[in-house]
1. At a Förster radius of 30 Å, what calculated FRET efficiency corresponds to the Cβ-Cβ distance of A:Asn23 and A:Val84, to the nearest 0.05?
2. Counting Lys and Arg as +1 and Asp and Glu as -1, each charge on the Cβ, what is the dipole of chain A about the Cα centre in debye, to the nearest 20?
3. Fewest first, what order do A:Cys191, A:Cys51, A:Cys62 take by the number of other Cβ atoms within 10 Å?
4. Cα axis of helix A:158-168 to longest principal axis of chain A: angle in degrees, 0 to 90, nearest 10?
5. Which of the lysines could a cross-linker bridge to A:Lys142, judged by Cα under 19 Å and excluding same-chain residues fewer than eight apart?
6. Going Cα to Cα from A:Lys104, which lysines come in below 16 Å? Please leave out same-chain ones fewer than 8 positions away.
7. Charges only on Cβ, +1 for Lys and Arg, -1 for Asp and Glu: so what's the dipole of segment A:37-113 about the Cα centre, in debye to the nearest 20?
8. Contour minus end-to-end for A:Arg108 and A:Gln160, with contour as 0.36 nm per residue of separation and end-to-end as the Cα-Cα distance?
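Each value in this text was obtained by applying a stated rule to the coordinates, not by laboratory testing. Model, not experiment: these values are computed from the prediction. Cβ atoms come from the backbone with ideal geometry, glycine included; neighbour counts cover every protein chain shown.
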Amino acid sequence: MASSLSSTSEKRKTPSSDNVNGNQPKKNHWSAALSAAIDDESVQVYKDDLCTVINDKFPKACIHLLVMPNENIANLKSVNNTHVSLLKHMLKVGKETAEKVAAKANARGSFAHFRYGYHAIPSMALLHMHVISQDFISDSLKTKKHWNSFTSDYFLDASQVIDDLQANGFIRVDTVRMRKLLDNELTCHRCSNNFTTMPKLKQHLLMHIS
DNA sequence: GTTCTAGAAC
DNA sequence: GTTCTAGAAC
């Protein structure tokens, strides 16, 4: 049909994790970086038939890993009841790899305490589960959005995601509510004190190292 | 996802 | 005057 010819006035669509098969981000666009890591042995911490683990390129804590399926699944919207065992496997691998990395680094306390989960609205176009130590001491942790994406309900626990998937056969995300969470006050995840700026919060986090 | 930087906040 | 945040990036 001739009507499918695009006009020059059509807005350029920014690639994002919303893209599904047939509408993927351009190969070298930043949002496609994880797909490249799947095939790049030099950045891999662990790999098996089903999933790959890498170090986050901009870690938001001392230990920050990403677990991704080898299969091209864009995000949680593309996940269905056929993926339950895959997500369970990713969580298991994430836990085992975290323990190994922590042991090797002689990590203690919050440096060896991890959360496993997904961002409600990810930026990268390949499903990825965060494995992140709870110290949050990192130069790459800079913005309120960074903080709230890991410490508010915006961070969806992997076990809860798996439970929801088993119960419903899909994952639903309230994007309006989630986007608002990123503007939350800066609240310490350990003692609930509030801070007015990121530098003040980051200074405070040092106090929780025991 | 990050970088850069204008101007808000202090 | 300096620190800090927040929005554009073609």
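1. Numbers: r = 26 Å, r/R0 = 0.85.
Efficiency, from the Cβ-Cβ distance: 0.70.
2. Numbers: 26 positive and 20 negative charges, 130 e Å.
Its charge dipole is roughly 620 debye.
3. On the way: A:Cys191 9, A:Cys51 23, A:Cys62 19.
Lowest to highest Cβ neighbour count: A:Cys191, A:Cys62, A:Cys51.
4. The helix A:158-168 is inclined about 40 degrees to chain A.
5. Cross-link targets: A:Lys57, A:Lys60, A:Lys180, A:Lys200, A:Lys202.
6. In chain and number order, the partners are A:Lys95.
7. Details: 10 positive and 9 negative charges, 88 e Å.
Roughly 420 debye, rounded to the nearest 20.
8. Values: separation 52, 0.36 × 52 = 18.72 nm, distance 2.60 nm.
Roughly 16.1 nm would be gained on extension.
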